[in-house]
Amino acid sequence: MPDTEIIPAPTDAPKPDAGGSGAPLRVAILSYRADPKVGGQGVYVDYLSSALAAGGAKVDVIAGPPFPELADGIRLIKLPSLDLYAKPHHGHYALRPKHLLSPTDTYEYFGHLSGKFVEPYCFGQRVYAYLKKHRDAYDVILDNQTLASGILRIQNDLKIPLVNMLHHPITRDRQLALDAATNWKQRWLVKRWYGFLGMQSRVAPQLEFVTCPSESTKRDIISAFGMTPERISPIPLGVDQSAFRPRDHVERAPRRLISTASSDTPLKGLHILLQSYHQLLETYPDLELVVIGKLREGLAKRTMEDLGLVDRVVFKSNLSRDALAEEFCAATIAVTPSLYEGFGLPAAEAMSCGTPVIVTDGGALPEVAGSAGLVVPKEDPVALAKAIADLIEDPDRRQKVADACLQRAKAQFDWRKVAPRYVELFKQAMVAKC
């Protein structure tokens, strides 16, 4: 494995303001994948690190590949892996003799070759080794859902104050994938891929400080991992409202739906939205559908092909934050059709842009929408199509929903209000280790 690479903060970056309380809080955020372009966990790291730094903390992000680009003043510490998914043939020919000198590299290669998702475990081993050498560099650590044995050793052996973020139990993802499997081979592959859940199920109940983005997720964590409720402190996610905001210069399309799908898995429910869209085209032949994400092999692509929608749906990816906000501002309605979400950040982003949202009752989505957005039953394309049609047909109601969504977003999803709650939890973890 290549040596650890540290990218220093820019020399002209402003020094964190400790607000007269002494040295700034030194925080390390751990994430085995932290690039915002590959999913919501990377977006979370970007948002949280920026918000903590803006509040005066000194923040390092310790991450595995693909690596993020961080805001000025935040240091990125790269923990390289074999990065096998980024290599041709998923890295099947990437093994070199030097890798056999590292037990972690060897496990990563052969575990990957056998169909297991081993990134959490391997990142946990690497970040433990790094922090063992740099124990005194940080006041507190936040782990972004690695839930690996190495993370537990940071808590128990290194005695560093540790807070763990659980976006939602991955047990839900596994069950939905198993339900969608059509034969024994697919079910075996699903179980093999999600083999890391055994480790996470052992680690989670031993963690002392856990946060999650919603009350719904807290209930699911307790059910899935048997965790003590008192150890879990829900804190909602925030949105960068300097970027996600109404933009008067952007004209809303008269009939355009927008949705976000970072992956083509049954969990995201894109196949349900496609069925609804197909129904709606009979009445609204000019209705557009824009999906933020890449079209991949999977259930959604097969649904598009079966319904003849390949040429009707537009996929957009690799957008900047401002470009994504403009897409939300240009849409008539934002739809989150997920079967389950631990929070539902795209819905909160759309609400912050003053776009009316429709979500399902999957997981925490009703908590995000509150009484502002519309909530429909998950896995019900007819109900979803009706909710969309109702807003299309009634501009006055659509505007009322949009206004309510914007007001809720301003009140609930502003990082300036959310970040201090993290700092308070960090302090609790620090006091417990004293």
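Looking at the structure I just gave you, is ARG398 assigned to a helix (DSSP H, G or I) and modelled with pLDDT under 95?
Judged against the criteria, ARG398 is not a match.
If I ask for residues that are more than 26 Å from LYS218 (Cα to Cα), at pLDDT below 95 and in a loop (DSSP other than H, G, I, E, B), which ones from the range 106-156 would you list?
Once the filter is applied, which keeps residues that are more than 26 Å from LYS218 (Cα to Cα), at pLDDT below 95 and in a loop (DSSP other than H, G, I, E, B), the range 106-156 yields SER114, GLY115, LYS116.
What about THR182, is it surrounded by fewer than 18 Cβ atoms within 10 Å (Cβ to Cβ) and free of Cβ contacts under 8 Å to residues at least 12 places away in the same chain?
yes
Can you tell me how many residues in the range 376-395 are assigned to a loop (DSSP other than H, G, I, E, B) and either farther than 15 Å from THR336 by Cα or touching a residue at least 60 places away in the same chain (Cβ under 8 Å) (or both)?
Counting residues in the range 376-395 that are assigned to a loop (DSSP other than H, G, I, E, B) and either farther than 15 Å from THR336 by Cα or touching a residue at least 60 places away in the same chain (Cβ under 8 Å) (or both) gives 4.
Would you confirm, using the coordinates I've provided, whether SER259 is polar (S, T, N, Q) and part of a strand (DSSP E or B)?
Spelling it out, SER259 is indeed polar (S, T, N, Q) and part of a strand (DSSP E or B).
Out of everything in the range 363-375 that is crowded, with 24+ Cβ neighbours inside 10 Å and part of a loop (DSSP other than H, G, I, E, B), what residue ends up being modelled with the lowest pLDDT?
GLY363
Considering (1) more than 23 Å from the chain's Cα centre (by Cα); (2) not in a loop (DSSP other than H, G, I, E, B), say which one VAL190 fails and leave the rest.
Failing condition for VAL190: (1).
Just give me the residues in the range 267-323 being farther than 15 Å from ALA389 by Cα and of a type in the set (Gly, Ala, Ser), in sequence order.
Result: GLY269, GLY293, GLY298, ALA300, GLY308, SER317, SER320, ALA323.
Could you go through the range 215-234 and let me know if any residue there is among the acidic types (Asp, Glu), over 30 Å from ARG296 (Cβ atoms), surrounded by fewer than 16 Cβ atoms within 10 Å (Cβ to Cβ) and outside the structural domain of ALA63 (by TED's automatic domain parsing).
No, the range 215-234 contains no residue that is among the acidic types (Asp, Glu), over 30 Å from ARG296 (Cβ atoms), surrounded by fewer than 16 Cβ atoms within 10 Å (Cβ to Cβ) and outside the structural domain of ALA63 (by TED's automatic domain parsing).
The values are calculated or read from the model by the stated rules, or taken from the named source; none is laboratory data. Keep in mind that what you see is a predicted model, and the values were worked out from it rather than measured. Ideal geometry is used to build each Cβ from the backbone, glycine not excepted, and the neighbour counts take in all protein chains shown.
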